[in-house]
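What follows is one structure encoded as structure tokens, with my remarks underneath.
The values are calculated or read from the model by the stated rules, or taken from the named source; none is laboratory data. Given the structure is predicted, the values throughout are model-derived calculations rather than measurements. When we count neighbours, we look across all protein chains shown, and the Cβ atoms used for this are built from the backbone with ideal geometry, even at glycine.
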Amino acid sequence: MPKQFYKEIKPKIKEEPKVEPKEEVVVPTEREDIKRHSTKKQIMAAKLEKQPKVRVLLPLEDREKPGVVKVKTDKNGLKVYEYVSGSVFPVILNGYRILIPKGAYLDVPQQVADVLNRSQLQTSSAGNSWLIDRDESVKNALS
């Protein structure tokens, strides 16, 4: 076969101009926030510190004495609640423990107040289905 049928075709490649890389803008993410803290407990403590504070009072039950709690700061800057005497209610969120003294006012973060609220509602509604006056039909049957 003659060579004229096999003409060599070379692709035309244009070289694009080189672009210098731009400096990346680092946007702080939640992941970087986690790196600053070493444990979930420290992360939760930091989040609770940023929340608005709410004043709460847990009522004393029969024969309970008002609770006394001492608040200290550990070497990492976390508040550590130590039991002294009386009745207290513990709230634990991701390993971070807060002791709420009963019978005394205390300012707590909003999330802790929500936990206390749910707990009190569950306690007050527990056993309502077993009460004698739970339903009109039961009241009429007992009358």
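Worth pointing out:
- Residue, farthest from the chain's Cα centre (by Cα), within segment 132-143, restricted to residues that are modelled with pLDDT under 70 and surrounded by fewer than 10 Cβ atoms within 10 Å (Cβ to Cβ): Ser143
- Gly77 being modelled with pLDDT of 85 or more, under 27 Å from Ala113 (Cα atoms) and of a type in the set (Gly, Ala, Ser): no
- Across segment 71-97, the number of residues qualifying as loosely packed, with under 13 Cβ neighbours inside 10 Å and more than 23 Å from the chain's Cα centre (by Cα) comes to 2.
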